[in-house]
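One structure is given here, and the rest of the page talks about it.
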Amino acid sequence: MNPYQLYLVTDENLTLERLKYVVREAVKGGVTMVQIREKHHDVRAFIERASAIKTLLQGSGVPLIINDRVDVALAVDADGVHLGQSDMPARLARQLIGPNKLLGLSIESHQQLASVHDLPIDYIGLSAIFATPTKTDTRHHWGIDGLTSALQTTSLPIVAIGGININNLKDIVATGVHGIALVSAICLADDPRAATEQIKALLQYNHSQRVPA
Ligand code: TZP
Ligand code: MG
């Protein structure tokens, strides 16, 4: 299975109860990976939320990824970490998490993209494809053309993130990108399971989607 295909990134504004509900429903709907993303909670709350989701994901086969924080990932024995450009450098993170955990890195510019090939990472989060109210400090928007050229630039699996929803999904999928990451399209849906199923159906319909080597 391609773990990047349908990657749920959680909304930090959800209460713990809503967070658990959304993840449970999204897993039923077919998400293939879950990232806990917390920007404003303190580290103790982050660990509490990550642990709750780890328990919930047990036995589902869906990997748990922690945003930004290697210490939190190690504390809850998550399946991986997703780093931003101002987080711990990828090489140090890899030393700490070892060879078997997943390591992702957000790529926000052509310059950053050009320097990924010798980093010990498993995948790239190409950020942001479109402008999005979920993250308002994104500087570069790759668009469909930028995504297409990024796919030609690197052999690493790419996860497209930012402003992706049911209305633009077809164009994204047509690029053959390895996976898509979503916050609001699932976390803010009235019925997260139905939203996930609808998105999943559109992804599976496309047979040209790349599968990581
Ligand atoms: N990184 C780049 S855009 C983004 C993150 C975490 C937010 C994506 O949220 P949405 O609601 O799927 O546009
Ligand atoms: Mg980050």
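For segment 137-213, the gyration tensor built on C-alpha atoms gives an oblate shape. Its axis ratio a/c (a ≥ b ≥ c) is at least 1.5, and a/b is not larger than b/c. Projecting the Cα atoms of I65, A181, T55 onto the charge dipole of the chain (Cβ charges, centred on the Cα centre) puts T55 farthest toward the positive pole.
For segment 6-209, the residue among L203, V159, L14 whose Cα projects farthest onto the positive side of the dipole built from Cβ charges is L203. The DSSP beta bridges internal to segment 6-209 are antiparallel in roughly 5% of cases. Only Lys, Arg, Asp and Glu carry charge here, each on its Cβ (+1 for the first two, -1 for the last two); on that basis the chain has a dipole of about 260 debye about its Cα centre.
Applying a DSSP loop filter and a limit of 16 other Cβ atoms within 10 Å to the trypsin sites (Lys or Arg not before Pro) in segment 94-164 leaves R139. The lysine pair tally for segment 6-209, using Cα distances under 16 Å and a gap of 8 or more places or different chains, is 7.
Sequentially through segment 128-139, phi angles give Karplus couplings (6.51, -1.76, 1.60; θ = phi - 60°) of 9, 5, 10, 4, 8, x, 5, 9, 9, 9, 6, 9 Hz, Gly and Pro residues having no value and appearing as x. Estimated from helices alone, the mean residue ellipticity of the chain at 222 nm is -11000 deg cm²/dmol (sum of -39500 (n - 2.57) over DSSP H runs with n ≥ 4, per residue).
Using the Kyte-Doolittle scale, find the helices of the chain whose mean hydropathy is at least 0.0 and whose Cα atoms extend 30 Å or more along the helix's long axis, counting only whole DSSP H runs.
On the way: long enough: none.
Helices meeting the criterion: none.
Using θ = phi - 60° in the Karplus curve 6.51 cos²θ - 1.76 cosθ + 1.60, the 3J(HN,Hα) couplings for segment 69-77 round to 10, 5, 5, 5, 4, 5, 4, 9, 6 Hz; x is entered for Gly and Pro.
Given a 1.4 Å probe, how much area per residue of segment 6-209 is accessible, in Å²?
The answer is 46 Å² per residue.
Less than 5 angstrom separates the built amide H of G179 from those of I158, A160, all sequence-distant by 5 or more or on a different chain.
Distance between the pseudo-spin-label points of K39 and L14 (7 Å out from Cα toward the beta carbon): 1.7 nm.
Using the Cβ-Cβ distance between T153 and S86 with R0 set to 30 Å, the FRET efficiency works out to roughly 0.85.
The values are calculated or read from the model by the stated rules, or taken from the named source; none is laboratory data. Just so we're clear, the structure is a prediction, and the values are computed from it rather than from any experiment. No Cβ is skipped: glycine too gets one built from the backbone with ideal geometry, and neighbour counts run over all protein chains shown. Please note that ligands, DNA and RNA were not included when accessible areas were found on the heavy atoms of the full protein model with its side chains. Shrake-Rupley method; radii C 1.70, N 1.55, O 1.52, S 1.80 Å.
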